[in-house]
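Chemist: Please find one structure pasted underneath; my questions will follow.
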Amino acid sequence: MKLQTGTSLALYSILEAAGNPERQISAADIATKYDVSIHHLAKVLRELGRAGLVESTRGAGGGYRFVGNAKRLTLMDVIELFEDIGTRQPYGAAGAAVTDTARALDHVLSEIDEIAKATFRSITIATMLRLVERHGRGGNGPRHP
Amino acid sequence: MNAGNGNSPDISIRPIAAGDLDQVIALDAAITGIEKTDYWYELFHRYGTRGGDQRHFLVGVRGPQVLGYVIGDVRDWEFGSAPCGWVFGLSVHPDARQTGLGSRLLATICDGFRRAGVRTVRTLLARDNNLILSFFRSQGMMAAPYIPLEMEIE
Ligand SMILES: CC(C)(COP(=O)(O)OP(=O)(O)OC[C@H]1O[C@@H](n2cnc3c(N)ncnc32)[C@H](O)[C@@H]1OP(=O)(O)O)[C@@H](O)C(=O)NCCC(=O)NCCS
């Protein structure tokens, strides 16, 4: 599963901002940390601002702050602002003939899509931040409560 | 119902008793829309009274009131996997949700699984039940290396 660059930048930005609620995150910080284009990032942050997920402040010490609800905002909510992973174009619609083979292949591909969507819908930013922390501690397997 | 706090000491988590069963059946029926009285009596018989370390059927109660339940067991070598804990039922009364009771129920059954010597816990969820999927994700669960499959066998 590969997300578009803008979508990944949006997720990095949201996780950085939500993970550091006490401080303003600057676009330059994120660009440096993830080694990405600051222009592209600025565009992404504007979009997140329009969606009401981050707020920007100008001036010295200015930057971005997460203002969404980390316990309810899901990965899917953020992804959907930048790309449409929800609807697969059936092969027929792409100009190819709708054959039994195309339909069967569509069926298999949509199985994969449905799993991806359910995964993105069920992981909130708060859950993601806990996962980030676990990876930071060097673990990536499931935590046993 | 007074929702209270799922973490408060006046809510205790203990093995189910016969007198709790009707409330468990009613809670499940309210959530799933299907009343399965025989099924729950059967589970009570197998898990409630003589479950040992392998089978767990726990309720979260405040006084006589059942606010939630969790049920699961240790399954040995199922689907070729080493013994692990399975949670196959977990519900919290709608008025008692989002106060930590679901987390407590899961943590308590996991303690039971640990006592039984297993170190992995699994569950199987409907893909479109986003609430319960989000809950288990929030507890740290990730996709297991299995894929559920099915077919019609008219
Ligand atoms: C899933 C369920 C057990 C959760 O119980 P609960 O007591 O509310 O859970 P908790 O309060 O311990 O919540 C733990 C985490 O789950 C997640 N969560 C719980 N309710 C949520 C909701 N409505 N939306 C998004 N996430 C939610 C949150 O991450 C929460 O963490 P937080 O408290 O830091 O926000 C309960 O909602 C329920 O019984 N739902 C119906 C279950 C069902 O469909 N059963 C039938 C199939 S077995």
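Chemist: Condition first: without any contact (Cβ under 8 Å) to a residue 40 or more places away in the chain and open to solvent by less than 40 Å² (accessible area, probe 1.4 Å). Now tell me which residues in region B:102-120 satisfy that.
Modeler: Scanning region B:102-120 gives B:L106, B:A107, B:C110.
Chemist: Among residues belonging to region B:65-99 that are near the ligand (Cβ under 8 Å from one of its atoms) and open to solvent by 20 Å² or more (accessible area, probe 1.4 Å), point out the one that is farthest from B:N5 (Cα to Cα).
Modeler: Initial filter on region B:65-99 (near the ligand (Cβ under 8 Å from one of its atoms)): B:68, B:88-94, B:96-99.
Those left that are additionally open to solvent by 20 Å² or more (accessible area, probe 1.4 Å): B:88, B:90, B:93-94, B:97-99.
Values: B:F88: 24, B:L90: 18, B:H93: 12, B:P94: 13, B:R97: 9, B:Q98: 9, B:T99: 5 Å.
Here the residue is B:F88.
Chemist: If you don't mind, there's one more thing I want to ask. When region B:121-133 is examined, which residues are found to be at the interface with chain A (Cβ under 10 Å from one of its Cβ atoms) and open to solvent by 90 Å² or more (accessible area, probe 1.4 Å)? Even if it seems obvious, please write down each step before you answer.
Modeler: Applying the first criterion (at the interface with chain A (Cβ under 10 Å from one of its Cβ atoms)) to region B:121-133 yields B:121-122, B:125-133.
Answer for region B:121-133, where residues must be at the interface with chain A (Cβ under 10 Å from one of its Cβ atoms) and open to solvent by 90 Å² or more (accessible area, probe 1.4 Å): B:R127, B:D128, B:L131.
Chemist: Which pairs do you get when a residue that is at positive phi, found in region B:84-101, comes within reach of a residue that is at pLDDT 95 or above, reach meaning Cβ atoms under 9 angstrom, with the pair 6+ apart or on two chains?
Modeler: Pairs found: B:Q98/B:V92.
Chemist: Select from region B:105-131 the residues that are in a loop (DSSP other than H, G, I, E, B) and near the ligand (Cβ under 10 Å from one of its atoms) and list them in ascending order.
Modeler: Listed by number, the residues that qualify are B:L124, B:L125, B:A126, B:N129.
Residues are listed down the side, and each one gets a yes or a no for (1) in a strand (DSSP E or B); (2) under 22 Å from B:L125 (Cβ atoms):
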| position | (1), (2) |
| --- | --- |
| B:N5 | no, no |
| B:S8 | no, no |
| B:L21 | no, no |
| B:G48 | no, no |
| B:G52 | no, no |
| B:G68 | yes, yes |
| B:S103 | no, yes |
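Chemist: Report whether or not B:R50 is out of contact with any Cys (no Cβ under 8 Å at 6 or more places or on another chain), under 28 Å from A:A126 (Cβ atoms) and without any contact (Cβ under 8 Å) to a residue 12 or more places away in the chain. Show your work before the answer.
Modeler: Details: out of contact with any Cys (no Cβ under 8 Å at 6 or more places or on another chain): yes; under 28 Å from A:A126 (Cβ atoms): no; without any contact (Cβ under 8 Å) to a residue 12 or more places away in the chain: yes.
Answer is no for this residue.
Chemist: Could you list, in sequence order, all residues of region B:134-151 that are open to solvent by less than 40 Å² (accessible area, probe 1.4 Å) and within 9 Å of the ligand (Cβ to nearest atom)? Even if it seems obvious, please write down each step before you answer.
Modeler: Initially, region B:134-151 is screened for residues open to solvent by less than 40 Å² (accessible area, probe 1.4 Å), giving B:134, B:136-141.
Those that are open to solvent by less than 40 Å² (accessible area, probe 1.4 Å) and within 9 Å of the ligand (Cβ to nearest atom): B:S134, B:F136, B:R137, B:S138, B:Q139.
Chemist: Looking at region A:1-37 only, could you name the residues that are of a type in the set (S, T, N, Q) and part of a helix (DSSP H, G or I)?
Modeler: Within region A:1-37, the subset of a type in the set (S, T, N, Q) is A:4-5, A:7-8, A:13, A:20, A:24, A:26, A:32, A:37.
Across region A:1-37, the qualifying residues are A:T5, A:T7, A:S8, A:S13, A:T32.
Chemist: Out of all the residues in region A:38-74, which are under 23 Å from A:F120 (Cα atoms) and assigned to a loop (DSSP other than H, G, I, E, B)?
Modeler: A:A51, A:G52, A:L53, A:V67, A:G68, A:N69, A:A70, A:K71, A:R72, A:L73
The values are calculated or read from the model by the stated rules, or taken from the named source; none is laboratory data. Treat the numbers as computed from the prediction; the structure is a model and nothing was measured. Using ideal geometry, Cβ is built from the backbone for each residue, glycine included, and neighbour counts are taken over all protein chains shown. Calculation scope for accessible area: heavy atoms of the full protein, side chains included, ligands and nucleic acids excluded. Shrake-Rupley method; radii C 1.70, N 1.55, O 1.52, S 1.80 Å.
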